[in-house]
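The values are calculated or read from the model by the stated rules, or taken from the named source; none is laboratory data. Everything numeric here is computed off the predicted structure, so don't read it as measured data. Backbone-built Cβ (ideal geometry, glycine too); neighbour counts: all protein chains shown. These area figures cover heavy atoms from the full protein model, side chains too; ligands, DNA and RNA do not enter into them. Shrake-Rupley method; radii C 1.70, N 1.55, O 1.52, S 1.80 Å.
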Amino acid sequence: MVRAFISVDLPEEYHEKIAEVQSRFRDFKVKLIKPELVHITLKFLGDVEDNQIQEIAKSLDNINCEPFNATIANIGVFPKPKYPKVVWLGAEGDFKTLHDNVNSVLKDFNFKEDNKKFSAHATIARVKHLSKNDKDLFLKTLEELEGIEIGTMWVDTVKLKKSTLTPQGPVYETLHEVKLK
């Protein structure tokens, strides 16, 4: 079995800026995502049989979405500020079309549907625990970072990735790459 997902990677030149934003959360009980692993998930597949990977890759080759410009900007939390579990950077661009296209080319695989409305974002931290005092400071930090801009990027590649969970954090491996056209 392979734990897999489909994503858009952020450019290497964003890693330093992401690390700077993350540094503002170091005093809280959060698990920071390594900047080089931060990405935009289009679809989480979960555990997939090894022999399905080639078929999934072939289906992804049928993605019909033109490359587009995207802006990585703003900061927020899921599910809501009063109960933060995930800290994210926003992703603006034609990600909804790309997401819908990925779902469409993979519909025959009957992957579990995500009940949440798709919201393009890049997770930068997971919140473990916040005391009442920490929560107020945390929300103040979010407010100070409001409107932050990481940059504009050209989205022309979608990747099928394998995720191996280790005690040191996940290790990602690209299994297949699709160039948008």
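A few remarks follow.
- Taking Cα centre as origin and charging only the Cβ of basic (Lys, Arg, +1) and acidic (Asp, Glu, -1) residues, the dipole magnitude of segment 58-181 rounds to 600 debye.
- Protein accessible area in the chain, 1.4 Å probe - carbon and sulfur %: 47 percent
- Across the protein chains, with a 1.4 Å probe defining accessible surface, the residues Tyr14, Tyr83 rank Tyr83, Tyr14 from largest area downward.
- Nearest-10 value in Å² for the accessible area of Lys116, using the 1.4 Å probe: 150 Å²
- Computed over all pairs of different Cα atoms, the Kirkwood value for the hydrodynamic radius of segment 105-181 is 17.0 Å.
- About its Cα centre, the dipole of segment 24-92 is roughly 760 debye, where the only charges are +1 on Lys and Arg Cβ and -1 on Asp and Glu Cβ.
- Candidate residues Thr152, Thr41: accessible-area rank, largest first, probe 1.4 Å: Thr152, Thr41
- Its DSSP H runs of at least 4 residues, each contributing -39,500 (n - 2.57), put the calculated 222 nm mean residue ellipticity of the chain at -7000 deg cm²/dmol, to the nearest 500.
- Within the same chain, lysines fewer than 8 places from Lys162 are excluded, and of the rest, those with a Cα less than 17 Å from its Cα are Lys34, Lys43, Lys58.
- Taking all protein chains into account, the per residue accessible area for segment 1-152 stands at 58 Å² (1.4 Å probe).
- Measuring with a 1.4 angstrom probe and ignoring ligands and nucleic acids, Glu55 comes out at about 100 Å² accessible.
- Average projection area in nm² (convex hull over Cα atoms of the chain, one quarter of hull surface): 10.3 nm²
- Counting only heavy atoms of the protein chains and using a 1.4 Å probe, Leu130 has close to 30 Å² of accessible surface.
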